[in-house]
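K.L.:
Mind looking over this structure? Questions follow.
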Amino acid sequence: MANGRHPWDRAGQCMADLLSRRGFLDCMFNGLLGVTLLDLLARDTKAVEWVPGQGMPHFPARAKRVLQIFCPGGVSHVDLWDYKPELERRAGQPLPGAGQFVSFQGKNGNLMPPPWPFIRAGEVGKPISSMLPHLARHVDDMAFIHSMTSRSNTHGPACVFMNTGQTAEGFPSAGAWVSYALGAENQNLPAYVAIPDIRGEPPNGKANWSAGFLPARHQGIVMAAHKPIRNLYPPPGLDPREDRATRDYLGLLNQRHLENHYGNTELRARIAAYELAARMQLSAPEVMDLGSEPTWIHRLYGTDDPNPLKAAYARNCLLARRLLERGVRYITLYCASRASGVDGLLNWDAHKTLKSDYERHCPILDQPTAALLSDLKARGLLDETLVMWTTEFGRMPTHQAGTKGRDHNPDGFTVWLMGAGIKGGVSYGATDEFGRRAVENVTTVWDLYATVLHLLGLDHERLTYYFNGFDRRLTDVHGHVIREILA
């Protein structure tokens with residue numbers, strides 16, 4: 001009893017109130033409030049379930065890490081990957097419908113066939129340039145995307161676009177996003193490493209591996225076989241116990257300073273970088289010691305090749321494998337650098353003399369890259385490593401007026417993927433009969449990274465970071481997973 005009434009009496013009164021118009025509307029309003037509250041709680045619960053940087057994907061992942069091989073300069077798809085018989089049949093004729101089309105550097109001439117024949121490779125019989133005999137052996141494991149497009153026909157913005165999803169500098173690279181989402185797998189090595197070519201940095205340099213507006217600790221750490229890491233070893237005569245005590249005391253001071261400047265991500269990143277540097281005193285010398293590899297491995301990669309550029313790239317390929325097997329999350333390995341005063345000398349930007357330029361670049365890329373793929377596969381690392389080959393745009397099917405080279409073409413070009421979660425021996429999308437434009441399953445950089453993140457167990461629409469009034473994404477407001485190339 002309560003207030004002289006039985007609880008069943010009160011329940012009966014509530015039912016009577018519900019049957020009245022006023023009571024029904026009152027209960028419905030309270031019910032809607034409850035539904036809204038449950039929805040908000042569910043969203044909060046989802047936010048709590050996934051914490052960035054803790055190695056927790058949104059859903060089961062197919063890949064643990066990524067190797068991106070980047071060839072700056074705009075590699076010609078129609079000369080290496082995208083076989084177009086019409087270029088041979090109609091060589092020397094005007095490109096139909098082009099009229100007086102003007103591309104990046106000016107007027108275009110007539111259709112120009114590849115200087116070398118294509119060969120059918122693998123069980124799938126995929127046509128690949130005869131200039132890449134070693135890579136041709138891997139076509140049964142590769143998924144080619146022949147309909148990639150870019151939003152820029154200029155090297156710097158296009159390189160940054162391929163790496164960050166934005167043509168402007170100041171945005172996080174894909175590797176930084178992965179570092180932010182999953183954190184480091186090996187606490188003694190960086191989560192994200194950029195390996196520049198011995199010939200120099202790519203167009204727009206460090207913007208390609210920047211953390212952008214993400215916390216600065218997620219930026220790419222530059223490592224290369226030709227760039228020894230400085231200051232790894234303590235000075236001679238320093239007592240190890242004294243060194244350890246000094247570092248412990250410095251750590252205490254850093255922590256107190258950080259607590260007084262909470263929210264300063266650059267300070268936090270600098271402290272984290274110093275702490276990582278201390279740990280790398282033990283791990284980095286070992287991973288950089290390429291001399292510990294057997295002779296047959298060096299021969300496989302070509303590290304002792306008489307061509308110093310090929311040998312240098314081969315050593316970087318070997319370094320990439322050593323970093324991957326030690327748990328680095330994301331590696332961008334560059335083959336070539338920024339443009340020079342002579343087109344096509346330092347990168348794939350073959351405006352004037354494509355044949356001689358590519359006869360210089362293809363051997364540098366071919367054997368070491370193929371060796372890296374074979375080595376990853378033999379060690380079982382390819383089962384959990386996603387490999388993708390990229391460039392910033394393609395080339396025109398015509399020759400540039402007055403030259404024997406090709407101008408820039410952002411409207412259709414090729415990238416390929418292999419490894420964890422990828423269906424090998426497939427081709428997705430297509431350019432027209434000349435390779436001028438993507439016409440079938442037109443693909444964007446955002447689609448590419450939606451697919452990469454998906455294989456890492458990350459939903460590209462949920463991987464966001466609030467900055468300047470927006471929930472920013474690697475894929476901006478675009479992107480679809482390319483499921484046709486998934487195993």
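The values are calculated or read from the model by the stated rules, or taken from the named source; none is laboratory data. Everything numeric in this text was worked out from a predicted model, so none of it was measured. Cβ: placed from backbone, ideal geometry, glycine included. Neighbour counts: every protein chain shown.
K.L.:
Somewhere in the stretch 276-294, is a residue more than 23 Å from Leu318 (Cα to Cα), out of contact with any Asp or Glu (no Cβ under 8 Å at 6 or more places or on another chain) and at pLDDT below 70?
P.N.:
Of the residues in the stretch 276-294, the ones more than 23 Å from Leu318 (Cα to Cα) are 278.
Right, trim to out of contact with any Asp or Glu (no Cβ under 8 Å at 6 or more places or on another chain) and you get 278.
So of that shortlist, the ones also at pLDDT below 70 come out as 278.
Yes: the stretch 276-294 contains one or more residues that are more than 23 Å from Leu318 (Cα to Cα), out of contact with any Asp or Glu (no Cβ under 8 Å at 6 or more places or on another chain) and at pLDDT below 70.
K.L.:
For the stretch 475-487: of the residues being hydrophobic (A, V, I, L, M, F, W, C) and free of Cβ contacts under 8 Å to residues at least 60 places away in the same chain, which is farthest from Gly429 (Cα to Cα)? Steps first, please.
P.N.:
Initial filter on the stretch 475-487 (hydrophobic (A, V, I, L, M, F, W, C)): 477, 481-482, 485-487.
Those still in the list that are free of Cβ contacts under 8 Å to residues at least 60 places away in the same chain too: 477, 481.
On the way: Val477: 22, Val481: 14 Å.
So the residue we want is Val477.
K.L.:
With the structure loaded, tell me whether Thr403 is of a type outside the set (A, V, I, L, M, F, W, C), in contact (Cβ under 8 Å) with a residue 40 or more places away in the chain and over 30 Å from Gly53 (Cα atoms) or whether it fails that test.
P.N.:
Numbers: of a type outside the set (A, V, I, L, M, F, W, C): yes; in contact (Cβ under 8 Å) with a residue 40 or more places away in the chain: yes; over 30 Å from Gly53 (Cα atoms): yes.
In short, yes.
K.L.:
Every residue in the stretch 209-236 that is closer than 15 Å to Gly170 by Cα and either touching a strand residue (DSSP E or B) at 6+ places or on another chain (Cβ under 7 Å) or in a strand (DSSP E or B) (or both), please.
P.N.:
Trp209, Phe213, Leu214, His218, Gly220
K.L.:
Let me ask you something else. Under the condition of being assigned to a loop (DSSP other than H, G, I, E, B) and at positive phi, which residue from the stretch 173-208 is surrounded by the fewest Cβ atoms within 10 Å (Cβ to Cβ)? Give the steps one after another, and end with the answer.
P.N.:
Taking the stretch 173-208 as the starting set, the residues that turn out to be assigned to a loop (DSSP other than H, G, I, E, B) are 173, 183-191, 196, 198-199, 201-204.
With the extra rule that they be at positive phi, the set shrinks to 183, 204.
Values: Gly183: 17, Asn204: 21.
Once the filter is applied, the top-ranked residue is Gly183.
K.L.:
Can Leu381 be described as touching an Asp or Glu at 6+ places or on another chain (Cβ under 8 Å), over 20 Å from Val75 (Cα atoms) and surrounded by fewer than 22 Cβ atoms within 10 Å (Cβ to Cβ)?
P.N.:
When the stated conditions are applied, Leu381 passes them.
One line per residue, one yes/no per condition, for (1) under 23 Å from Leu290 (Cβ atoms); (2) touching a Lys or Arg at 6+ places or on another chain (Cβ under 6 Å):
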{"site": "Gly183", "(1), (2)": "no, no"}
{"site": "Asn188", "(1), (2)": "yes, yes"}
{"site": "Ile195", "(1), (2)": "yes, no"}
{"site": "Gly205", "(1), (2)": "no, no"}
{"site": "Ser210", "(1), (2)": "no, no"}
{"site": "His218", "(1), (2)": "no, no"}
{"site": "Met223", "(1), (2)": "yes, no"}
{"site": "Ile229", "(1), (2)": "yes, no"}
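K.L.:
Grab the helices (runs of 4 or more DSSP H) fully contained in the stretch 61-149, keeping just those with 2 or more residues being touching a residue at least 40 places away in the same chain (Cβ under 8 Å), of a type outside the set (Phe, Trp, Tyr) and buried (at least 21 other Cβ atoms within 10 Å of the Cβ). Before you say what the answer is, go through the steps one by one.
P.N.:
On the way: elements: 77-80, 85-89, 133-136.
So the answer is 77-80.
K.L.:
Please go through the stretch 346-371 and give me each residue that is among the aliphatic types (A, V, I, L, M), more than 15 Å from Ile198 (Cβ to Cβ) and buried (at least 24 other Cβ atoms within 10 Å of the Cβ), ordered by number. Outline the logic, then answer.
P.N.:
Residues of the stretch 346-371 that are among the aliphatic types (A, V, I, L, M), as a first pass: 346, 350, 354, 364-365, 370-371.
Restricting the remaining residues to those that are more than 15 Å from Ile198 (Cβ to Cβ) gives 350, 354, 370-371.
Ala350, Leu354, listed by residue number.
K.L.:
From Asp357, Asp349, which residue is at pLDDT 95 or above, more than 20 Å from Leu417 (Cβ to Cβ), assigned by TED's automatic domain parsing to the domain that holds Glu201 and not in a helix (DSSP H, G or I)? Break it down into steps so the answer makes sense when it comes.
P.N.:
Working: Asp357 fails: not in a helix (DSSP H, G or I).
Within the list Asp357, Asp349, the selection yields Asp349.
K.L.:
When the stretch 312-345 is examined, which residues are found to be surrounded by fewer than 20 Cβ atoms within 10 Å (Cβ to Cβ), of a type outside the set (D, E, K, R) and without any contact (Cβ under 8 Å) to a residue 60 or more places away in the chain?
P.N.:
Ser340, Gly341, Val342, Leu345
K.L.:
Now for a different question. Any residue that is free of Cβ contacts under 8 Å to residues at least 40 places away in the same chain, of a type outside the set (A, V, I, L, M, F, W, C), in contact with a Phe, Trp or Tyr (Cβ under 7 Å, 6 or more places away or on another chain) and in a loop (DSSP other than H, G, I, E, B) - is there at least one of those in the stretch 467-474?
P.N.:
no
K.L.:
Of the residues Val426, Val415, which is buried (at least 21 other Cβ atoms within 10 Å of the Cβ) and in the same structural domain as Ile145 (by TED's automatic domain parsing)? Don't jump to the end; show me each part of the working.
P.N.:
Working: Val426 fails: buried (at least 21 other Cβ atoms within 10 Å of the Cβ).
So the residue among Val426, Val415 that is buried (at least 21 other Cβ atoms within 10 Å of the Cβ) and in the same structural domain as Ile145 (by TED's automatic domain parsing) is Val415.
K.L.:
Let me ask you something else. Just one of (1) over 30 Å from Gln54 (Cα atoms); (2) outside any strand (DSSP E or B) trips up Val415, so point out which.
P.N.:
Going through the list (1) over 30 Å from Gln54 (Cα atoms); (2) outside any strand (DSSP E or B), Val415 breaks only (2).
K.L.:
Is it fair to say Ala168 is farther than 30 Å from Ser427 by Cβ and among the aliphatic types (A, V, I, L, M)?
P.N.:
On the way: farther than 30 Å from Ser427 by Cβ: yes; among the aliphatic types (A, V, I, L, M): yes.
It is true that Ala168 is farther than 30 Å from Ser427 by Cβ and among the aliphatic types (A, V, I, L, M).
K.L.:
Take Met396 and tell me if it is assigned by TED's automatic domain parsing to the domain that holds Pro60, within 16 Å of Leu95 (Cβ to Cβ) and among the aliphatic types (A, V, I, L, M).
P.N.:
Numbers: assigned by TED's automatic domain parsing to the domain that holds Pro60: yes; within 16 Å of Leu95 (Cβ to Cβ): yes; among the aliphatic types (A, V, I, L, M): yes.
It is true that Met396 is assigned by TED's automatic domain parsing to the domain that holds Pro60, within 16 Å of Leu95 (Cβ to Cβ) and among the aliphatic types (A, V, I, L, M).
K.L.:
If I filter the stretch 96-115 for residues that are within 23 Å of Val426 (Cβ to Cβ) and of a type outside the set (Lys, Arg), do I get at least one hit? Explain how you work it out, then say what you get.
P.N.:
Step one: of the stretch 96-115, the residues within 23 Å of Val426 (Cβ to Cβ) are 114.
This time we only want the ones that are of a type outside the set (Lys, Arg), so: 114.
The answer is yes; a qualifying residue exists.
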